[in-house]
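In what follows, a single structure is set out as structure tokens and then discussed.
The values are calculated or read from the model by the stated rules, or taken from the named source; none is laboratory data. Only a predicted model underlies this, so the values are computations on that prediction, with no experimental measurement involved. Note: ideal-geometry Cβ built from the backbone for every residue, glycine included; neighbour counts use all protein chains shown. We work out accessible area using only protein heavy atoms, side chains counted, and drop any ligands, DNA or RNA first. Shrake-Rupley method; radii C 1.70, N 1.55, O 1.52, S 1.80 Å.
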Amino acid sequence: MTYRRPAWDDYFMSLAKIVATRSTCDRLRAGAVLVKDRRIISTGYNGAPPGLPHCDGEAGHKMEEGHCIRTVHGEENCILQAAALGGSSTQGSTLYTTYSPCYQCFKKLVVGGVRRIVAGAIYRDSTIAEACREAGIEFALYQPDPAWLETASRIFHAPIEEKTAAK
């Protein structure tokens, strides 16, 4: 079987899907990766702020108007992590996210200077693509390469090979 190196969108969206597995809100396990110049600036997933109770634990969901407000969304966590760690500007960055951002997150991405959003699926608000166009942000719905998906599946099912150093 021939090895298949992923395209950049496949690579970063694969990482966003893995990041989503850390989510602590079981209503929607979402993940995001913020990238600039093909380098990861930050990652984020849906979850309570550090030190506060998680939704999927004993605390449960804190609901307001049909939304759980206990969690910080993955997109927000990306922007906030980049700010907290410093050293990298989010201006001109690309966000890879498993679900399209809600409008509240979208506004933060605009202010943060994100120039491209790649979403795995549309989440609730189908007008977000139009809002992106209005803000000068390129919006793309992720289209996975089937050959990459096959390769990724093999990678995750295969054991890690032991290699010896060349002498």
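Relative to the longest principal Cα axis of the chain, at what angle does helix 146-157 sit, 0 to 90 degrees, rounded to 10? The angle comes out near 80 degrees. Residue 106 exposes around 10 Å² of accessible area when a 1.4 Å probe is run over every protein chain in place.
In region 43-146, carbon and sulfur make up what percent of the accessible area (probe 1.4 Å)?
Numbers: 2910 of 5530 Å².
The C+S portion of the solvent-accessible surface of region 43-146 is 53 percent.
So what is the 222 nm mean residue ellipticity for the chain from helices alone, if each DSSP H run of at least 4 adds -39500 (n - 2.57) and you divide by all residues, rounding to the nearest 500 deg cm²/dmol?
Values: 5 runs with 54 residues, N = 167.
Only helices count here, giving -9500 deg cm²/dmol.
Neighbours of residue 108, meaning other residues whose beta-carbon lies under 9 angstrom from its beta-carbon, give a summed charge of -1 when Lys and Arg score +1 and Asp and Glu score -1.
Backbone phi angles across region 9-18, fed through the Karplus curve with coefficients 6.51, -1.76 and 1.60 (θ = phi - 60°), yield HN-Hα couplings of 4, 5, 4, 6, 5, 4, 5, 4, 5, 5 Hz in residue order; Gly and Pro are listed as x.
Ligands, DNA and RNA are left out, and with a 1.4 angstrom probe the accessible area of region 1-159 is 57 Å² per residue.
Ranking 37, 145 by solvent-accessible area of protein heavy atoms (1.4 Å probe, all protein chains present), from largest to smallest, gives 37, 145. Each of 38, 116 has its accessible area taken with a 1.4 Å probe; listed largest first, they run 38, 116.
If I model a spin label at residue 150 and residue 107 as a point 7 Å from the Cα along the Cα→Cβ vector, what separation in nanometres do I get? So the label points at residue 150 and residue 107 sit 4.6 nm apart.
Among the cysteines of the chain, those with no neighbouring cysteine Cβ under 4.7 Å are 68, 78, 102, 105, 132. Just tell me which lysines come within less than 30 Å, Cα to Cα, of residue 36; anything on the same chain fewer than 8 places away is out. Straight-line reach from residue 36, under 30 Å: 17, 107, 108. In this simple spin-label model, placing a label point 7 Å from the Cα along the Cα-to-Cβ direction at both residue 163 and residue 5 gives a separation of 1.4 nm. Here the Gaussian network model covers the chain, with springs between Cα atoms less than 10 Å apart; of 138, 65, 75, 65 fluctuates the most.
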